[in-house]
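A.B. asks: The following block contains the structure, expressed as structure tokens.
The values are calculated or read from the model by the stated rules, or taken from the named source; none is laboratory data. None of the values given here were measured: they were computed from a predicted structure. Virtual Cβ from ideal backbone geometry, glycine too; neighbours counted across all protein chains shown. Accessible surface is based on the protein model in full, side chains and every heavy atom, while ligands, DNA and RNA are left aside. Shrake-Rupley method; radii C 1.70, N 1.55, O 1.52, S 1.80 Å.
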Amino acid sequence: MELGITSFAETIADPASGETVGHGDRLRQVLDEIELAESVGLDVYGLGEHHRPDFASSSPATVLAAAAGRTSKIRLFPAVSILSTDDPVRVFQQYATLDLVSSGRAELLVGRGSFIESFPLFGYELDDYNELFAEKLDLLLQIRDNEQVTWSGSFRPPIQGQGIYPRPERPLPVRVAVGGTPQSIVRAATRGLPVALAIIGGSPDRFRALAELHRHTLVESRFDPADVPLSVHGHGYIADTTEQAAVEFYGSYAAAMTRIGRARGWGPMTRQQYDVMRDPEGSLVLGDPETVAAKIL
């Protein structure tokens, strides 16, 4: 088992004071966080891609490259790279470059995106949500596996036998972020790709079926599940005591989830909902170190 942290480099206003950290200050905090994560022995640190005022990181590869210069062991990855609205050639080049400057510590986590701002920003249609990701994922894998690429598709000009550089010194690890749809699990598994299950609410146990579907589809597609790791992402907070963690985390977490939910048709987060989420069967990985370790297990 490996442990790590992911962040969106949030700049949401403090619910008590109303103060907001600036984007520059927040990104510098992230660099300090990555250094600390390595010093305490965490394995990975992932930084999200967003194009909103309340998240500071629209270019994770840039921030992670800065972190690579301040660390030596921790692996670095986007959480996620929104492949649907980016160019697979550039995504590969950016993270191959990160892999080279970090001496083989880059990984690539790609997804369709849980927010939609990047679609109009880069001129893509939401009606093409699934098709964009499927086509661009296949192109990304072709680039990963071949130095010279010939390719044509529906959403990008064709590539005619061109080389894609730089090349990493080892195969660049690629995995797919999945929010909970079986189709996404099957798409990844038929390509032999690991998945990261994004659990942000409800009971983690409901993802059991998706994990089993991933393993079953890998076997059907002639891949060995032992060679294809499974990741789980959960929101969480750790403090000296479980009650301290619950008190300190609630205000900012409720404010963030209420703000996001307003755009998605959810109601405001209540303390009762929060307490259910931090129960042993809930989704929040929150409490003292022993409680958090037990929940992860």
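A.B. asks: Quick test of your reading of the structure: residue 212 fulfils all but one of (1) charged (D, E, K, R); (2) over 24 Å from residue 78 (Cβ atoms); (3) assigned to a loop (DSSP other than H, G, I, E, B). Name the failing condition by number.
C.D. replies: Only one criterion in (1) charged (D, E, K, R); (2) over 24 Å from residue 78 (Cβ atoms); (3) assigned to a loop (DSSP other than H, G, I, E, B) is unmet by residue 212, namely (3).
A.B. asks: Does at least one position in region 77-87 carry a residue that is open to solvent by 40 Å² or more (accessible area, probe 1.4 Å), hydrophobic (A, V, I, L, M, F, W, C) and either in contact with a helix residue (DSSP H, G or I) (Cβ under 8 Å, 6 or more places away or on another chain) or part of a loop (DSSP other than H, G, I, E, B) (or both)?
C.D. replies: Within region 77-87, not a single residue is open to solvent by 40 Å² or more (accessible area, probe 1.4 Å), hydrophobic (A, V, I, L, M, F, W, C) and either in contact with a helix residue (DSSP H, G or I) (Cβ under 8 Å, 6 or more places away or on another chain) or part of a loop (DSSP other than H, G, I, E, B) (or both).
Residue by residue, here is whether (1) at pLDDT 95 or above; (2) surrounded by 13 or more Cβ atoms within 10 Å (Cβ to Cβ); (3) acidic (Asp, Glu) holds:
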residue: 246; (1), (2), (3): yes, yes, no
residue: 265; (1), (2), (3): no, no, no
residue: 268; (1), (2), (3): no, no, no
residue: 278; (1), (2), (3): no, yes, no
residue: 290; (1), (2), (3): yes, no, yes
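A.B. asks: While we're on this one: Of the residues 52, 105, which is under 17 Å from the mean Cα position of the chain (by Cα), open to solvent by 10 Å² or more (accessible area, probe 1.4 Å) and at pLDDT below 95?
C.D. replies: Just a single option satisfies the conditions, and that option is 52.
A.B. asks: Also, I was wondering about something else. Consider only pairs whose beta carbons are under 7 Å apart and that are at least six residues apart or on different chains; among these, list those whose first residue lies in region 284-297 and is within 9 Å of residue 242 (Cα to Cα) and whose second residue is open to solvent by 50 Å² or more (accessible area, probe 1.4 Å) and among the basic types (Lys, Arg).
C.D. replies: 286/278
A.B. asks: So in region 55-69, with the set limited to residues that are buried (at least 17 other Cβ atoms within 10 Å of the Cβ) and not in a loop (DSSP other than H, G, I, E, B), which one is modelled with the lowest pLDDT?
C.D. replies: Among those that are buried (at least 17 other Cβ atoms within 10 Å of the Cβ) and not in a loop (DSSP other than H, G, I, E, B), it is 55.
A.B. asks: Can you tell me which of (1) in contact (Cβ under 8 Å) with a residue 60 or more places away in the chain; (2) hydroxyl-bearing (Ser, Thr, Tyr); (3) open to solvent by less than 10 Å² (accessible area, probe 1.4 Å); (4) out of contact with any strand residue (DSSP E or B) (no Cβ under 6 Å at 6 or more places or on another chain) is the one residue 97 doesn't meet?
C.D. replies: (3)
A.B. asks: Quick one: residue 41 ticks every box in (1) closer than 20 Å to residue 232 by Cα; (2) touching a residue at least 40 places away in the same chain (Cβ under 8 Å); (3) assigned to a loop (DSSP other than H, G, I, E, B) except a single one, so which number is it?
C.D. replies: For residue 41, the failing item is (2).
A.B. asks: Is it the case that some residue within region 165-173 is aromatic (Phe, Trp, Tyr) and touching a strand residue (DSSP E or B) at 6+ places or on another chain (Cβ under 9 Å)?
C.D. replies: Within region 165-173, not a single residue is aromatic (Phe, Trp, Tyr) and touching a strand residue (DSSP E or B) at 6+ places or on another chain (Cβ under 9 Å).
A.B. asks: Consider only pairs whose beta carbons are under 9 Å apart and that are at least six residues apart or on different chains; among these, list those whose first residue lies in region 147-169 and is closer than 16 Å to residue 94 by Cβ and whose second residue is open to solvent by 70 Å² or more (accessible area, probe 1.4 Å) and part of a strand (DSSP E or B).
C.D. replies: Listed pairs, sorted by first residue: 164/148.
A.B. asks: While we're here: Would you list the helices (runs of 4 or more DSSP H) that sit entirely within region 217-297 and hold 2 or more residues that are hydroxyl-bearing (Ser, Thr, Tyr)?
C.D. replies: 242-264
A.B. asks: Looking at the structure I just gave you, is residue 218 touching a strand residue (DSSP E or B) at 6+ places or on another chain (Cβ under 7 Å) and open to solvent by less than 80 Å² (accessible area, probe 1.4 Å)?
C.D. replies: No: the conditions fail for residue 218.
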